[in-house]
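Here is the structure we will look at.
The values are calculated or read from the model by the stated rules, or taken from the named source; none is laboratory data. Small disclaimer: the values here were computed from a predicted structure and weren't measured. All Cβ positions, even for glycine, are placed from backbone atoms using ideal geometry, and neighbour counts span all protein chains on display. Just so you know, the surface numbers come from the protein's heavy atoms only, side chains and all, with ligands and any DNA or RNA stripped out. Shrake-Rupley method; radii C 1.70, N 1.55, O 1.52, S 1.80 Å.
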Amino acid sequence: MEYDYGKNKEENPEPAEADIAGTLPDWLQGTLVRTGPGIFSLGETSYNHWFDGMALMHSFTIKDGGVSYKNRYLRGDTYKANMEAKRIVVSEMGTMAYPDPRKNIFSRVITFLNHTVPDFTDNCGNNIIRYGNDFYATSETNYIRKIDPVTLETLDKVDYLKYLPLNLVTSHPHYDKEGNTYNMGTSIADKAKSKYIIFKVPAATKEGDAAPALKNLEVICSIPCRSLLTPSYYHSFGMTDNYFIFIEQPFKLDILKMATAYMRGVNWASCMKFHPEENTLIHLIDRRTKKELATKYYTDSMVVYHHVNAFEEDGHVVFDVIAYDDDSLYNMFYLDKLNKKNGNLGSSNKAYSSPKCKRFALPLTDKESEVGADLVKLKYTTASAVKEKDGKVHCQPEVLCGDVEVPRINYDYNGKKHRFVYMTEVGMSAVATKIVKLDVQTKKKQEWTAENCWPSEAVFISRPNAVEEDDGVILTSVINTTPGELGFLLVLDAKTFKEIARARVKAELHMDMHGYFIPQSS
């Protein structure tokens, strides 16, 4: 049974009670808020790429053994402009919007100027994040939208540029136990320099503070781009108790090409290029000194979207990522490819570079080591780091497993040594067909799958006062394409990976990207 990626999804803003099969744990209380594209065509215009669709947030509120569901479109400036014009008038990464040919020449000139120095979209459909006490829908532009996670109403528009010269910011920040948030973004050609900036947004000092959390933003450090007008694209970064890990990969944005894309009749995504002939630089930043380590680490060319986790052990920083051999993943999500005649969910595609979960180990010292020596002294990994004549360290990863994406862990172990990772299994289709639990020590996997069911990101929720790492549940939104059956929120026992409940939703679920679980006490 096929899923129609290009079908516009209906809005259901009023909460509807789900039908529960099984029993939810009595301690599981809170709201899972997720987001992803929901509108793909408007009037005579359509988006080219699935990521471009207008953001549709949805939530599963779990309370006293029941689940209520609602969804609501993010009503940002992009949504309002498109709806008012009854056509797509705001460009996205994979879709360039052109003015109605019936518009006058002045309108067309303004549109051209807006694309030469682009004012990016606020169609924030990639993730839900937290700064202070506030929650935001985010993509990767300089705009984020504050939301009410209870009603899913769209609130303030926030521009990072008011606080830092950031043109692009990740939608995968890190959080510490004190409530601080850490994120990073790219500053392009500011004062003739392009750089990556890591920043901290402190925890809220008091409840009800109406001022934006970003007003207290602190810059931790900046890393110069290796080239002024072709900064690296990145989607996430790593963090341990004492270090940040940033991968400057040879998947680059060409800023000059982006500035001329509109008049050349191409989208901005075409201005991103993978350079397989270049190395991937690994930057290790000391959180205490706020400076990058002098050792220059690098690995072979690769493309990484998602970090899994990172930790420190015996003089090493170890980090796991989901890595690709090239940039083919983005192209897989053009709607004409997703909806091609034989493009059923789960079907294979030979043009797609399948992802691998890889482990890197960075030795923190190499002063007494000889050239050619492997500096990694950890017994449990085959990852290597070889010192070269110029002093650089060439890192080679251990492959933990393949065909997996959107990793999640027990977040209590973020920055610390973990054993379990929860992911979707994608195979050669780039579309999830299973939920898997990987034991990184034994390399063994447990899985959940069901016929005609397509799960989303597996979110781990820890049992209160849990002692063991996998003592909790997994939540995932599942699309069910079996005729006459409903989509559902799946609840798995994280330890046994057995289904303990599903909440069947009386609304059409949509494929989403990422989300955030808000415990009831929050």
Could you state the accessible area per residue of the range 254-405 in Å², with a 1.4 Å probe and every protein chain left in place?
47
Counting each DSSP H run of 4 or more residues in the chain as -39500 (n - 2.57), what helix-only mean residue ellipticity at 222 nm follows after dividing by all residues, to the nearest 500 deg cm²/dmol?
-2000 deg cm²/dmol
Of all alpha-carbon pairs in the chain, indicate the percentage at a distance above 45 angstrom.
10
At a Förster radius of 51 Å, what calculated FRET efficiency corresponds to the Cβ-Cβ distance of K273 and E14, to the nearest 0.05?
0.65
Quick calc, N242 & L378: beta-carbon distance into FRET formula, R0 22 Å, rounding 0.05, result 0.80
Roughly how many nanometres apart are two label points built 7 Å out from the Cα toward the Cβ at K86 and D412?
5.6
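Packing-wise, with mean Cβ within 10 Å as the measure, how do 149-157, 8-16 rank, highest first?
149-157, 8-16
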Computing the accessible area with a 1.4 Å probe over protein heavy atoms, can you report the carbon and sulfur percentage for the range 128-194?
51
What does the charge count around K434 come to, taking other residues whose C-beta lies under 12 Å from its C-beta (Lys +1, Arg +1, Asp -1, Glu -1)?
-3
Using label points projected 7 Å from each Cα along Cα→Cβ, tell me how many nm separate T365 and D4, to one decimal.
6.4
Can you give me the % of accessible surface on the range 415-522 that is carbon or sulfur? Probe 1.4 Å, all protein chains present, nothing else counted.
48
Give me the 1.4 Å probe accessible area per residue for the range 1-81, excluding ligands and nucleic acids, in Å².
40
Could you calculate the contour length gain from N452 to K63, that is, 0.36 nm times the residue separation minus the distance between their Cα atoms, to one decimal place in nm?
137.2 nm
Would you grab the residues whose amide H sits under 5 Å from the one on V308? Only those 5+ places off in sequence or on another chain, please, with H modelled 1.01 Å from N.
D320, V321, I322
What percentage of the solvent-accessible surface of the range 228-275, computed with a 1.4 Å probe over protein heavy atoms, is contributed by carbon and sulfur atoms?
60
So, with points 7 Å from each Cα along the Cβ direction, the M263-E218 label distance in nm works out to 4.6
Accessible area (Å², per residue) of the range 151-239, counting only protein heavy atoms and a probe of 1.4 Å
43
